[in-house]
Amino acid sequence: MPVITFDGPFLSLEKKETLVREFTKLATEVTKIPAEAFVIFIKENPYENMGQGGILISEKLKDILPK
């Protein structure tokens, strides 16, 4: 049972469905393992729980994120 994990921001249901479909499609093409064998985990994290370059992502995006 191969596992693919995606850690990222909160996503809409449509985007999650697309990620699962496309990750599975590509992984199947590359590995030749049947699609039914793959398990996809989507771990959503708020921007205040992520940082880049020593700065919280929420701080970097504070002027463009909705309040």
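The values are calculated or read from the model by the stated rules, or taken from the named source; none is laboratory data. Just so it is clear, the model here is predicted, and its values are computed rather than measured. Heads up, the Cβs are rebuilt from the backbone with ideal geometry, glycines too, and the neighbour counts pull from every protein chain shown. Ligands, DNA and RNA are excluded from the accessible area calculation, which covers all protein heavy atoms including side chains. Shrake-Rupley method; radii C 1.70, N 1.55, O 1.52, S 1.80 Å.
If I fit a long axis through the Cα atoms of helix 13-31 and take the longest principal axis of the Cα atoms of the chain, what angle between them do I get, 0 to 90°, rounded to 10? Taking the Cα atoms of the chain, the angle to 13-31 is about 50 degrees.
Note on I64 and A37: the extension gain reaches 5.8 nm, defined as 0.36 nm multiplied by sequence separation minus the Cα-Cα distance. Note that the stretch 48-65 has calculated 3J(HN,Hα) couplings of 6, 9, 10, x, 8, x, x, 10, 4, 4, 4, 5, 4, 9, 4, 8, 10, 7 Hz, one per residue in order, obtained from phi through the Karplus relation 6.51 cos²θ - 1.76 cosθ + 1.60 (θ = phi - 60°); glycine and proline are x. Scan the stretch 6-59 for trypsin sites (Lys or Arg not before Pro) in coil per DSSP, keeping those whose Cβ has at most 13 other Cβ atoms within 10 Å, and list them by number. Sites meeting the loop and neighbour criteria: K32. Mean sequence separation of contacting Cα pairs (under 8 Å, at least six apart), scaled by the length of the stretch 2-67, corresponds to a relative contact order of 39 percent.
With every protein chain kept in place and ligands, DNA and RNA left out, what is the accessible area per residue of the chain? Probe 1.4 Å, answer in Å².
Per-residue value: 78 Å².
Extension gain for the segment E44 to E22, taken as residue separation times 0.36 nm less the Cα-Cα distance, is 6.1 nm to one decimal.
The count of lysine pairs in the stretch 1-66 that are at least 8 places apart or cross chains, and whose C-alpha atoms lie under 24 Å apart, stands at 10. Values [x] 3, 19, 33, 31, 12, 2, 0; [y] 4, 20, 28, 21, 13, 8, 5, 1; [z] 3, 15, 21, 17, 14, 12, 9, 7, 2 are given for comparison; P(r) over Cα pairs in 5 Å bins from 0, in percent, derived from the coordinates here, is the one labelled [z]. So which chymotrypsin sites (Phe, Trp or Tyr not before Pro) in the stretch 10-67 end up in coil per DSSP with only 13 or fewer other C-beta atoms within 10 Å? For chymotrypsin sites (Phe, Trp or Tyr not before Pro) across the stretch 10-67 that sit outside H, G, I, E and B with at most 13 neighbouring Cβ atoms in 10 Å, the list reads F10. With both labels modelled 7 Å from their Cα along Cα-to-Cβ, the Q52 to M1 distance reads 3.3 nm. Solvent-accessible area of the chain (1.4 angstrom probe, protein heavy atoms only): carbon and sulfur portion equals 60 percent.
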